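See below for the structure under consideration.
The values are calculated or read from the model by the stated rules, or taken from the named source; none is laboratory data. Note that the structure is predicted; figures quoted are calculated from it, not measured. Every residue, glycine among them, receives a Cβ derived from its backbone with ideal geometry; neighbour counts consider all protein chains shown.
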């Protein structure tokens, strides 16, 4: 409960794959900034109504506040799009953003695309994957409009475009990555917890109440002991050795980045430099000056855009448009820029980093487990003026 009070992301889902006498089991938990999931509550719901969900979440809020002595108000709640859950969340946590789990979207999308020819289906799934990387609502709406135009051209007699638009653009558009950058885009941690309960306990069986309550108490005790071993909830992201290695590789690549209007643009892939002209063209296309979804995708993936949403004193306020940032909430582009601006101090490169830099590329695969130590970041709170020309000797920002 004390962990829940510290968390900003709450996950809620009723598991229909694990029932007790036909009633689904409601799981609720919280996540830290690294996506680590901590279960805090489960309940058997006899009837899936907004009133029942409201009662459960109200009890959770009161218990968390009673045990912690602080107000419990998560900034984001991730669910499966169930309107009853959404109504309950809105009543108990009115200021929280209500996000739809990406895994639920993926599941429903798979069912929608099942009748479609495989080759076309694969192409449509890739389109949705790009749409998922939208950085904000404006970009999502533009990309969705262009994508649906493309789909209607590919499938003129199919109702698929209309059904996708109704469900995932109009009714539940809150599943793209940029909807809430601070939270994870899916309830993957909660799903793992549900599977662990299935594998290690027998709550899904038709147990008598006495046995069920005994198992439930054992489960809660197990969760509590696990939390006690962890000690505290993580509130800052610590880059691992692989990410630091990628950062050194980016610096060694001698790339020139462009700083315009409080945003830094990073060339993608083998590109060595970004130009002001390319940035201007990029922004025009991201603003809607494109004729097709494919043209939009090509432009979207041509530059990575790093924006500082804070006061230019902490890399935790930086946001990047690259896929890695959305999944890990940190990337080599932010680390490299933070290092150049004096906001973060990187550790000396490892032997592997030296070898990769000398070869001009990073080794394939993940680093070995023995090199999985984390890196402590040192923030210089006095650094300012991101727009200044900075040269580190490894890469430049113009």
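Only a single item in (1) farther than 18 Å from residue 336 by Cβ; (2) modelled with pLDDT of 80 or more; (3) under 25 Å from the mean Cα position of the chain (by Cα) is not met by residue 239, and it is number (1). Of all the criteria given as (1) assigned to a helix (DSSP H, G or I); (2) surrounded by fewer than 16 Cβ atoms within 10 Å (Cβ to Cβ), the one not satisfied by residue 156 is (1). Of all residues in the stretch 320-346, those that are surrounded by fewer than 19 Cβ atoms within 10 Å (Cβ to Cβ) and not in a loop (DSSP other than H, G, I, E, B) total 4. Hey, does the stretch 108-120 have a residue that's more than 30 Å from residue 25 (Cα to Cα), under 25 Å from the mean Cα position of the chain (by Cα) and not in a strand (DSSP E or B)? There is no residue in the stretch 108-120 that is more than 30 Å from residue 25 (Cα to Cα), under 25 Å from the mean Cα position of the chain (by Cα) and not in a strand (DSSP E or B). Applying the condition of being at pLDDT 90 or above and touching a helix residue (DSSP H, G or I) at 6+ places or on another chain (Cβ under 8 Å) to the stretch 306-317 and asking which residue is surrounded by the most Cβ atoms within 10 Å (Cβ to Cβ) yields 306.
Taking the stretch 253-266 as the range and being within 13 Å of residue 332 (Cα to Cα) and surrounded by fewer than 20 Cβ atoms within 10 Å (Cβ to Cβ) as the test, only 253 passes.
Count of the stretch 269-291 residues, restricted to those that are in a helix (DSSP H, G or I) and over 27 Å from the mean Cα position of the chain (by Cα), is 5. Listed by first and then second residue, the pairs with beta-carbon distance under 8 Å, at least 6 apart or on different chains, first residue in the stretch 218-242 and within 15 Å of residue 3 (Cβ to Cβ), second modelled with pLDDT under 80 and not in a loop (DSSP other than H, G, I, E, B), are 227/3; 233/3. Is it the case that residue 70 is in contact (Cβ under 8 Å) with a residue 40 or more places away in the chain and over 22 Å from residue 220 (Cα atoms)? Yes; evaluated as a whole, the condition is true for this residue.
Look at residue 193 and say whether it is in a loop (DSSP other than H, G, I, E, B) and in contact with a strand residue (DSSP E or B) (Cβ under 9 Å, 6 or more places away or on another chain).
Values: in a loop (DSSP other than H, G, I, E, B): no; in contact with a strand residue (DSSP E or B) (Cβ under 9 Å, 6 or more places away or on another chain): yes.
Spelling it out, it is not the case that residue 193 is in a loop (DSSP other than H, G, I, E, B) and in contact with a strand residue (DSSP E or B) (Cβ under 9 Å, 6 or more places away or on another chain).
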